Amino acid sequence: MFIPLHDRNALKHIDMQYVTVTLIVINFAVWLVTGPIASDEFANAAVLGFGYIPAVVFDYAILDPSLAVVPDEFTFVTYSFLHGDFTHLAMNMLFLWVFGDNVEDALGHFRFLLFYLLCAAAGALAHGLIDVASEAPLIGASGAVSGVVAAYFLLHPKVRVWVLVLFRIPLPLPAAIPLAFWIGQQFYMFAVDPGGSVSWSAHVGGIVAGLVLVVLLRRRGVPLFDRAIVSPRAVEHQSGPPEGTDAPLPGSQKPPTPWGRPT
């Protein structure tokens, strides 16, 4: 097990990861409103109203009309903004903070938002298909964040990432090592514990979506596997292709919850 701390991977196309920061702020705000400052009754109502419940989505059960805040289809996304406790939230947001900025950089702001929401929906769908009659609400951003991790793995496997191994040993490793291990762990846990308290199927659904969508949605000229790094800002200060071209430059490459089932 590892915890990501920091990556040495500067932004190349955007000035700031506005969408990543906004998603983190929204997730923390929703947690505050539905968690520490909320009554138990309100918190449970929020999870039932915005959480993803397979039995309701697939018409095996009917949610009390007083709790049906949004259409069932919306819960493919709304569930991902709910978290049961601070640790659940903090871990998801830490992964998003470390890896989301460079994926947003590679896709652009709007397409990254679309990517994130589609990965969340894919995670919910995968979870629901495993047990369509489940009445336990699914909550958590792990499906969406899993897609972000998978995208980073395809884009920047050679970039050095500082990780805390076994929760105590800080090491700078090529991203491919910890991320391949993490992705493999999600598939392994899904195989051995598909019905556990953690929805490994949502993680797997997000990973598969992330691997596919990053190929389709990345900016024109953005390579995979760190084959080359495009740095338009560097072009402005060097002779060579004019500003805005996609020509790479030599040397620019850098080294269980009380209210629902978590993802």
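The values are calculated or read from the model by the stated rules, or taken from the named source; none is laboratory data. What you see is a predicted model, and the numbers here were worked out from it, not measured in a lab. Note: ideal-geometry Cβ built from the backbone for every residue, glycine included; neighbour counts use all protein chains shown. Areas reflect the complete protein model, heavy atoms only, side chains present, ligands, DNA and RNA absent. Shrake-Rupley method; radii C 1.70, N 1.55, O 1.52, S 1.80 Å.
Among what's in region 142-170 and is among the charged types (D, E, K, R) and assigned to a loop (DSSP other than H, G, I, E, B), pick the residue that is least open to solvent (accessible area, probe 1.4 Å).
LYS158
Scan region 1-16 and report the pairs whose first residue is at pLDDT below 90 and whose second residue is among the small types (Gly, Ala, Ser) and open to solvent by 80 Å² or more (accessible area, probe 1.4 Å), with Cβ atoms within less than 7 Å and a gap of 6+ or a chain change.
Qualifying pairs under 7 Å: none.
Is it the case that LEU129 is of a type in the set (A, V, I, L, M) and part of a helix (DSSP H, G or I)? It would help to see each step written out before you state the result.
Details: of a type in the set (A, V, I, L, M): yes; part of a helix (DSSP H, G or I): yes.
Spelling it out, LEU129 is indeed of a type in the set (A, V, I, L, M) and part of a helix (DSSP H, G or I).
Scan region 29-45 and tell me whether some residue there is surrounded by fewer than 18 Cβ atoms within 10 Å (Cβ to Cβ), farther than 24 Å from LEU117 by Cβ, of a type outside the set (A, V, I, L, M) and touching a strand residue (DSSP E or B) at 6+ places or on another chain (Cβ under 7 Å).
Looking through region 29-45, none of the residues is surrounded by fewer than 18 Cβ atoms within 10 Å (Cβ to Cβ), farther than 24 Å from LEU117 by Cβ, of a type outside the set (A, V, I, L, M) and touching a strand residue (DSSP E or B) at 6+ places or on another chain (Cβ under 7 Å).
One line per residue, one yes/no per condition, for (1) assigned to a loop (DSSP other than H, G, I, E, B); (2) modelled with pLDDT of 95 or more; (3) among the small types (Gly, Ala, Ser):
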site	(1), (2), (3)
LEU96	no, yes, no
PHE110	no, yes, no
PHE115	no, yes, no
ALA121	no, yes, yes
LEU125	no, yes, no
ALA133	yes, no, yes
PRO172	no, no, no
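Filter region 64-89 for residues that are exposed (fewer than 14 other Cβ atoms within 10 Å of the Cβ) and of a type outside the set (S, T, N, Q); which is farthest from LEU48 (Cα to Cα)?
Out of the qualifying residues, it is PHE86.
Within region 51-60, which residues are of a type outside the set (Val, Ile, Thr) and open to solvent by 30 Å² or more (accessible area, probe 1.4 Å)?
Across region 51-60, the qualifying residues are PHE58, ASP59, TYR60.
Quick check, is PHE181 of a type in the set (A, V, I, L, M, F, W, C), assigned to a loop (DSSP other than H, G, I, E, B) and open to solvent by 20 Å² or more (accessible area, probe 1.4 Å)?
no
Residue by residue through region 132-141, note down the ones that are open to solvent by 10 Å² or more (accessible area, probe 1.4 Å) and under 13 Å from the mean Cα position of the chain (by Cα).
None - no residue of region 132-141 is open to solvent by 10 Å² or more (accessible area, probe 1.4 Å) and under 13 Å from the mean Cα position of the chain (by Cα), so the list stays empty.
Which of the residues belonging to region 98-113 are surrounded by fewer than 19 Cβ atoms within 10 Å (Cβ to Cβ) and under 12 Å from the mean Cα position of the chain (by Cα)?
Listed by number, the list holds a single entry, LEU113.
Could you please let me know if LEU129 is more than 11 Å from the chain's Cα centre (by Cα) and under 21 Å from PHE28 (Cβ atoms)?
Judged against the criteria, LEU129 is not a match.
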